[in-house]
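Below is one structure, written out as structure tokens; the observations come after it.
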Amino acid sequence: MNVAMCGRIVRSARLVLFVVLVGWTVWPQAAQQGSGSAQKRQRINTIIQRLEEGGIADESVKTFIDREHQPFDIFELKKIFEEAATHRKPNGQLEKTPMVRLPTRGEQTTWMVEQVLDAGGLGITFPLMETKEQVLKAISTMRITQRRGSKYPNPPGVRGAGMWTVESFTGFPLWGKMGPDEYMERADLWPLNPNGELLAVIMVETAEGIKNINDILTVPGIGAIVVGTNDLNIAMGFGRATRPNTPLAPETTEGVLSVARACIAKGVAWGVSVTGTEEFKQQIYGKLGARYPLSAY
């Protein structure tokens, strides 16, 4: 072997060694970045996670906070959120997500929605909704105006900017530690925005709401529909539906079934507030696939 060939072999060996050393240094970092981007970000809202998994969003994943028939006190709500934030699974995820029901008779609801969200809320239930216009207003009030070029521009958001837009913002108790940019990215309505962590539940509780259900379901951003069977039964003149093991009135039952058919056709989760009998409960949550009991009674 001559000197020139030996030199070429040495240079080749050096090149191979260099490539191996660079690859050894860079590969673990690239692999880590790749695995991180491939991993699905952990859900904050446990109700959304349950619905995404195809399960029933019952009391095991949510708590019901009624401010429709109870006094609205934002300071009390903040304390409730702070307490709920202390109950977490070993992986740090919330055990249960609070859902706040607000009154919707009157213009006061708009500012209540803003305050619940600015206290770090994750979900709002809107009772007694009867028209597409009412639902559209509720959905828009929960949304931040989208950045230009957003994949999900409509319905347009009208939520006003709060302290979550400043650099000193470090997160809400329920949401955990995060900066303003991450919050604004995730503080959107699911399933309209698949990455959103906010949930809007619409209750239909009157004959008018039942009649308009197909129109209501054209509004993007509805997380679930609940038939308020107690209010509906009363509104139709049949008295309360909370008597133990008492069947719902036939008209109320037909209202439930019409909502079920509409939601199934649109792929929207749905449920009722009161089932009347165990047999009807098995029918709607078994055969008809209801997945969102209100858990108010």
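Points to keep in mind about this one:
- Qualifying residue in the stretch 155-177 (condition: in contact with a strand residue (DSSP E or B) (Cβ under 7 Å, 6 or more places away or on another chain), among the small types (Gly, Ala, Ser) and modelled with pLDDT of 95 or more): yes
- Residue, surrounded by the fewest Cβ atoms within 10 Å (Cβ to Cβ), within the stretch 128-170, restricted to residues that are among the small types (Gly, Ala, Ser), closer than 15 Å to residue 192 by Cβ and in contact with a helix residue (DSSP H, G or I) (Cβ under 8 Å, 6 or more places away or on another chain): 157
- Being over 15 Å from residue 229 (Cα atoms), of a type in the set (Gly, Ala, Ser) and at pLDDT 95 or above holds for only one residue in 290, 262, 249, and it is 262.
- Members of the stretch 59-103 that are among the aromatic types (Phe, Trp, Tyr) and assigned to a helix (DSSP H, G or I): 75, 81
- Counting the residues of the stretch 256-297 that are within 22 Å of residue 192 (Cβ to Cβ) and outside any helix (DSSP H, G or I) gives 10.
- Scope the stretch 186-198; condition in a loop (DSSP other than H, G, I, E, B) and buried (at least 17 other Cβ atoms within 10 Å of the Cβ); matching residues: 187, 188, 190, 191, 192, 193, 196, 197
So that you can scan it fast, the table gives a plain yes or no per residue for (1) assigned to a loop (DSSP other than H, G, I, E, B); (2) surrounded by 19 or more Cβ atoms within 10 Å (Cβ to Cβ); (3) without any contact (Cβ under 8 Å) to a residue 12 or more places away in the chain:
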position	(1), (2), (3)
172	yes, yes, no
181	no, no, yes
184	no, no, no
200	no, yes, no
209	no, yes, no
220	yes, no, no
238	yes, no, no
245	yes, no, no
254	no, no, yes
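- Residues satisfying the stated conditions in the stretch 24-66, i.e. surrounded by 12 or more Cβ atoms within 10 Å (Cβ to Cβ) and either among the aromatic types (Phe, Trp, Tyr) or at pLDDT below 95 (or both): 64
The values are calculated or read from the model by the stated rules, or taken from the named source; none is laboratory data. Only a predicted model underlies this, so the values are computations on that prediction, with no experimental measurement involved. Cβ coordinates were reconstructed from backbone atoms using ideal geometry, including for glycine residues, and neighbour counts include every protein chain displayed.
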